[in-house]
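One structure is given here, and the rest of the page talks about it.
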Amino acid sequence: MAGTVVIKWGGGLITHKDQLCTVNLDVIRSLAEVCSKTSKKLVIVHGAGSFGHLKAKKFRLTEGRIPELNQDSAVMDVRNDMLELNSVVVRELRSFGLDVQSYSPHQWAKGTGAEFRGELPLHHGVTVVYGDVVDDEIKEFGILSGDDLMLRYSTEIADVERAVFAIGGVDGILRVPPSKAGPEDLIEIWTPDMSFEGEHSTEIDVTGGIGLKAARGAMIAAKGIDVVLINGEIPERVLDAIEGKSVIGTRIESGNC
Ligand code: IPE
């Protein structure tokens, strides 16, 4: 039987990151089509992009409850915005005939970071989860990143063959910021002892950007699971990565950690 592949659709890949709540429908459709072409069992974790980060940043939702700020409507808004983005993802996957079930993390996960609590829901067809605003025992609420969901799904469910991080705008981890990079700057094999200058727009991004993906990727690799980070805008690469074929991108290894 085919094994399971856990794949992240980065928020910057599936939305237009600087325009509030705008999907990149072409990319979502092409990713959905790719997913219909594999016999692997899939767990899809999608990010937030402009459906999450902008409002979460404005109302400082990663910090949890701040009494001086009126955050309640922002918590609700971001949850609803994420449900809207998730409904597009699910609709497009279903339009290619896939049996899809989505599980909103605010309904089953508590706490943020790699150690969040909650039993990982799993569907016999395609499972979809996403970065979300979740309840937190200490902070009251916080942002659970899809990269932490990637870590837990990749290392805790049965038969995982590999983890794939599909991101937007770059071919993988680059030695220099994307705006200055040429093809020779792609790091083909990355280990945590190697530095890189990712562009992390802290102005927009409330979670960890490419650095968090690399760190979580290395933690997944440390458990013996193959991890690859690829350009999700190129469907052939996404399919090859899912199938475990060699592909342009960055393989993440655990190094000596
Ligand atoms: C962030 O999730 C969730 C919210 C801001 C609500 P991710 O960390 O997985 O999102 P991307 O991939 O960076 O957009």
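The values are calculated or read from the model by the stated rules, or taken from the named source; none is laboratory data. The shown structure was predicted, so the numbers you read here are calculated from the model rather than taken from an experiment. Here Cβ is always computed from backbone atoms with ideal geometry, including for glycine, and neighbour counts include all displayed protein chains. What goes into the accessible areas is simple: the full protein's heavy atoms, side chains included, and nothing from ligands, DNA or RNA. Shrake-Rupley method; radii C 1.70, N 1.55, O 1.52, S 1.80 Å.
Numerical summary
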| item | result |
| --- | --- |
| Largest-first ordering by accessible area, 1.4 Å probe, given options Met76, Met150 | Met76, Met150 |
| Cα centre as origin, Lys/Arg/Asp/Glu Cβ charges: segment 1-154 dipole, Debye | 420 debye |
| Of the DSSP H helices in the chain, those whose Cα atoms cover at least 20 Å axially and whose Kyte score averages -1.0 or more | 72-95 |
| Listed residues Cys21, Cys35 arranged by accessible area, highest first, probe 1.4 Å | Cys21, Cys35 |
| Karplus 3J(HN,Hα) series, Hz, for segment 4-16 with 6.51 cos²θ - 1.76 cosθ + 1.60 (x for Gly, Pro) | 9, 10, 9, 10, 9, 9, x, x, x, 7, 9, 10, 8 |
| Ellipticity estimate at 222 nm from DSSP helix runs (n ≥ 4, -39,500 (n - 2.57)) divided over the chain, nearest 500 | -9500 deg cm²/dmol |
| Accessible surface, 1.4 Å probe, highest first, among residues Leu151, Leu98 | Leu98, Leu151 |
| Nonlocal Lys pairs with alpha-carbon distance under 26 Å, segment 1-58 (8 or more apart, or different chains) | 10 |
| Prolate/oblate/rounded label for segment 1-149 (Cα gyration tensor, a/c 1.5) | oblate |
| GNM flexibility winner over the chain from Glu68, Glu33, Glu137 (Cα, springs under 10 Å) | Glu68 |
| Nearest-0.05 FRET efficiency for His16 and Leu239, computed from C-beta distance (R0 22 Å) | 0.35 |
| Choice from His106, His46, His124 with maximal GNM fluctuation in the chain (Cα, 10 Å cutoff) | His124 |
| Sum of side-chain charges, Ala221 neighbourhood, beta-carbon under 11 Å (Lys, Arg +1; Asp, Glu -1) | +2 |
| In order through segment 167-173: 3J(HN,Hα) via Karplus (6.51 cos²θ - 1.76 cosθ + 1.60), integer Hz, x for Gly, Pro | 10, x, x, 9, 7, x, 7 |
| Per residue, in Å², the accessible surface of the chain once ligands and nucleic acids are set aside, probe 1.4 Å | 45 Å² |
| GNM top mover of Ser30, Ser87, Ser179 - the chain, alpha-carbon springs below 10 Å | Ser179 |
| 20 Å reach of a label modelled at Glu184, 7 Å along Cα-to-Cβ, counting backbone N of segment 221-257 | 248-250 |
| Prolate/oblate/rounded call for the chain, Cα gyration tensor, a/c under 1.5 rounded | rounded |
| Extension gain, Arg175 back to Asp159 (0.36 nm per residue minus Cα-Cα distance, nm) | 2.5 nm |
